[in-house]
Structures are given as structure tokens and as C-alpha cells.
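Take a look at the structure set out below.
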Amino acid sequence: MMANVKFDDYLNDELKNNDFKNGYLNEKTILESSLNVASTGLPQRQLTEIIHVSKSTIARI
């Protein structure tokens, strides 16, 4: 039987591992940036020109 563990407790424990922490912070930054890009309301074509990524990358965001 698995014990109930709060997510915040689990995450705080995992963040003690530097490899996990670095990966977590990197992915968090990517997610936050993606959300900011998606919330601009600009057309995909303009976004590709502004942030210098392909249209397929913008579409995935």
C-alpha cells in the first residue's frame, strides 16, 4: 500500500537533488516563457519573427 504524500512535500524533497533541481528550473522557465508567448495575442507569423523560432515551434506552444 502506498502512503499518501503531498505533492509539495515530494517536490521539496526532490529539489534537494541538484540534477533534478536544474532540470526542474529549466523546464519551469520554458513553460513560463511559452505561456507568456501564447498570451500575447500576436499572430504566429509575427511571433516567429520576434523570437526567431520556426512556425512549427510556435504552433506547438
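The values are calculated or read from the model by the stated rules, or taken from the named source; none is laboratory data. Only a predicted model underlies this, so the values are computations on that prediction, with no experimental measurement involved. Neighbour counts are summed over all protein chains in view; Cβ atoms, including those assigned to glycine, are modelled from backbone coordinates with ideal geometry. The accessibility values were calculated without ligands, DNA or RNA, using every heavy atom of the protein model including side chains. Shrake-Rupley method; radii C 1.70, N 1.55, O 1.52, S 1.80 Å.
With every protein chain left in place, what is the accessible area per residue of the chain in square angstrom, probe 1.4 Å?
On a per-residue basis, 89 Å².
List the lysines whose Cα sits under 24 Å from the Cα of Lys16, skipping any in the same chain fewer than 8 residues away.
Lys6, Lys28
Net charge near Pro43: determine it from the other residues with C-beta under 15 Å of the C-beta of Pro43, scoring Lys and Arg +1 and Asp and Glu -1.
Summing Lys and Arg as +1 and Asp and Glu as -1 gives +1.
So what is the 222 nm mean residue ellipticity for the chain from helices alone, if each DSSP H run of at least 4 adds -39500 (n - 2.57) and you divide by all residues, rounding to the nearest 500 deg cm²/dmol?
-21000 deg cm²/dmol
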